[in-house]
Amino acid sequence: MKLRLTGGVRGVAGGVFSHLAFASKYLLSCAKRAVSGIKSMQKSERWSLFGLIIIFLILIFIKGREIYLSKTTTVPKSGGVYRELDIGQVDYLNPILAKTDTERSVSRLIYSGLVKVDQSGNIVPDLAQSWEVTPDGLTYTFYLASNIYFNNGAEFDATDVAATIEKIKDPQTKSPFREIWSDVIVTALDRETVSMELPYPYGPFIYNCIQGIVDSIDVEGSLVGSINGTGPYKIEKIATDKSGKISQIELTAGNSNYLNSVLISEVIIDLGKEANGGLGSLEKYTAIFGGSPDDQNFIEQSFTINRYLALIPNIRGEFLADQINRDKIFKDGIFEQEMPLTLLIQDVEIQTSIADKLVEDLKVKNIKLEVLRLSGPEYIQKRQSREFDLLLTGFDFGYDRDPYSYWHTTQLDQENYAGYSDKSSDIALEDARMMQDAGERNKRYDQFFDTMREKSLIKFFEPVECNFFVSGGLKGVEQIIASKPEDRFNSIGNWYLKEGRIKR
């Protein structure tokens with residue numbers, strides 16, 4: 001198509017072109033004179049001129065950058081690979097079977113529960129958008145979020161919750177969580193509503209609902225091979241070593257669920273036995289969990305969890321059943337005659353260190369302490385048979401410090417290793433765990449532990465610290481508040497490796 005111009009427009013256009021032609025000739029003339037002038041300059045003068053031009057260009061660049069930075073701000077950007085060296089072992093990733101700290105940590109990235117713990121340690125909605133508890137504390141009703149999908153594309157609904165809990169309760173499954181769910185009746189009222197009936201009020205029950213939920217189809221199949229969750233990441237690849245043990249797990253952010261947005265697009269977990277793990281240079285890692293690297297490029301973000309080592313006496317014997325004798329051991333006092341006692345510990349560094357100090361401290365009290373250092377299975381067997389005078393053991397309280405399983409009379413053949421039985425204490429423990437208010441529950445727990453210390457029945461040591469180091473390239477990691485090791489990932493949605501700039 002031809003463009004026709006009116007006479008007036010042609011006149012204006014002609015004038016513009018004539019002016020442009022004149023300007024071009026003028027600039028060309030100036031350029032020729034400038035080149036001619038430069039050629040006529042002395043060599044030193046030309047270098048000075050070039051230097052001034054370079055300085056001028058640098059100043060323009062600096063000023064331009066200042067203007068750009070003042071008009072824009074840094075924001076997190078999606079992408080990047082988070083690679084962690086974890087000093088642990090993985091056999092199962094399915095949350096029904098996950099038992100070790102490392103298994104539960106990786107499972108936390110793949111699966112979601114009805115509720116979750118936020119970065120401040122508070123219970124908040126996850127797969128359940130809300131819930132109700134009856135006044136008697138016996139029935140919990142969860143109202144599920146809609147349009148939630150597993151990583152395999154299946155839609156999440158109430159039947160998945162019921163199927164997961166029933167699988168945990170099945171003795172054939174051998175789930176480590178069977179005991180806390182065995183008496184709970186779970187019913188899918190409709191696709192988006194789940195009812196849970198408890199045999200008795202249990203205030204901390206809501207923490208049990210952090211349990212990862214599995215696709216009901218996977219529940220009917222192999223719990224080992226099927227790994228499909230509603231969490232922010234999905235399995236991309238699992239590598240094994242020559243012995244068949246899992247050595248590396250690759251995860252990718254592939255779930256579109258609205259409640260699980262993350263900025264880091266890929267997570268790689270390498271499994272090792274020590275800080276350097278025999279895996280080469282630490283430069284490739286974004287974080288180290290469970291070890292203490294010497295590399296100065298890592299920033300310590302270690303955190304304590306609700307797990308303690310404690311010294312307890314076996315009061316089944318006549319000598320330690322007498323509080324006067326226990327007071328001399330746990331408080332002030334010296335025995336007139338040398339008293340031989342045995343201390344059972346697991347042969348690991350932290351327990352050995354505490355035991356060595358106890359030997360020296362009790363020697364001053366005229367106690368000859370024989371330390372029984374045993375490997376894991378042997379330690380558990382001897383602890384279960386109560387073949388000790390003093391025991392160094394772990395108390396893993398998790399999200400609630402309920403001491404019931406360690407001190408109630410009904411637990412004498414289970415984890416009540418001290419052999420403690422007291423009716424008033426039993427009632428106090430029963431009342432405390434029925435309270436819905438966490439603050440009131442903790443007050444009762446504090447009172448109970450104060451009583452145990454007064455009776456010289458327990459001595460707690462410092463809480464367990466989880467070593468966690470991150471590289472300077474990982475942003476958004478704030479102080480970690482955790483009850484369990486896997487809680488370090490509670491705020492992974494805020495972590496990022498890449499940055500961009502946007503207009504202010």
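The values are calculated or read from the model by the stated rules, or taken from the named source; none is laboratory data. It should be emphasised that the depicted structure is a prediction, and the values quoted were computed from it without experimental measurement. Positions of Cβ are generated from backbone atoms using ideal geometry, with glycine treated the same way; all protein chains shown enter the neighbour counts.
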(request) Collect the residues in region 409-446 that are part of a helix (DSSP H, G or I), without any contact (Cβ under 8 Å) to a residue 24 or more places away in the chain and either under 21 Å from E179 (Cβ atoms) or under 29 Å from the mean Cα position of the chain (by Cα) (or both), keeping them in residue-number order. (result) T409, T410, Q411, D426, G439, E440, K443, R444, D446
(message) I'm trying to understand the selection: among the residues of region 391-408, which are part of a helix (DSSP H, G or I) and either out of contact with any Lys or Arg (no Cβ under 9 Å at 6 or more places or on another chain) or closer than 16 Å to I305 by Cα (or both)?
(response) S405, Y406, W407
(message) Quick check on region 201-216: of everything there that is touching a residue at least 60 places away in the same chain (Cβ under 8 Å) and small (G, A, S), which residue is surrounded by the fewest Cβ atoms within 10 Å (Cβ to Cβ)?
(response) G203
(request) Looking only at region 73-92, decide whether some residue is in contact with a strand residue (DSSP E or B) (Cβ under 8 Å, 6 or more places away or on another chain), farther than 30 Å from L251 by Cα and modelled with pLDDT under 85. (result) yes
(request) Output the number of residues of region 346-379 satisfying the condition of being touching a residue at least 60 places away in the same chain (Cβ under 8 Å) and more than 20 Å from G290 (Cβ to Cβ). (result) 0
(request) Would you mention how many residues in region 479-504 are assigned to a loop (DSSP other than H, G, I, E, B) and closer than 17 Å to K116 by Cβ? (result) 8
(message) For region 324-338, which positions are touching a residue at least 24 places away in the same chain (Cβ under 8 Å) and surrounded by fewer than 18 Cβ atoms within 10 Å (Cβ to Cβ)?
(response) D327, K331, G333, I334, F335, E336, Q337, E338
(request) Pick out the one residue from D91, D101 that is charged (D, E, K, R) and either surrounded by 14 or more Cβ atoms within 10 Å (Cβ to Cβ) or over 21 Å from F177 (Cα atoms) (or both). (result) D101
(request) Go through region 293-377 and tell me which helices (runs of 4 or more DSSP H), entirely inside it, have 3 or more residues that are over 19 Å from Y417 (Cα atoms) and aliphatic (A, V, I, L, M). (result) 349-363
(request) Find the helices (runs of 4 or more DSSP H) located wholly in region 153-264 whose residues include 1 or more that are modelled with pLDDT under 90 and of a type outside the set (D, E, K, R), and list them. (result) 216-220
(request) Check whether at least one residue in region 180-199 is touching a strand residue (DSSP E or B) at 6+ places or on another chain (Cβ under 7 Å), buried (at least 21 other Cβ atoms within 10 Å of the Cβ) and touching a residue at least 24 places away in the same chain (Cβ under 8 Å), and report yes or no. (result) yes
(request) Return a yes/no flag: does region 349-364 have any residue that is in contact with a helix residue (DSSP H, G or I) (Cβ under 6 Å, 6 or more places away or on another chain) and either surrounded by 15 or more Cβ atoms within 10 Å (Cβ to Cβ) or aliphatic (A, V, I, L, M) (or both). (result) no
(message) With the structure loaded, tell me whether F388 is within 29 Å of T304 (Cβ to Cβ), touching a residue at least 40 places away in the same chain (Cβ under 8 Å) and either in a strand (DSSP E or B) or in the same structural domain as N208 (by TED's automatic domain parsing) (or both) or whether it fails that test.
(response) no
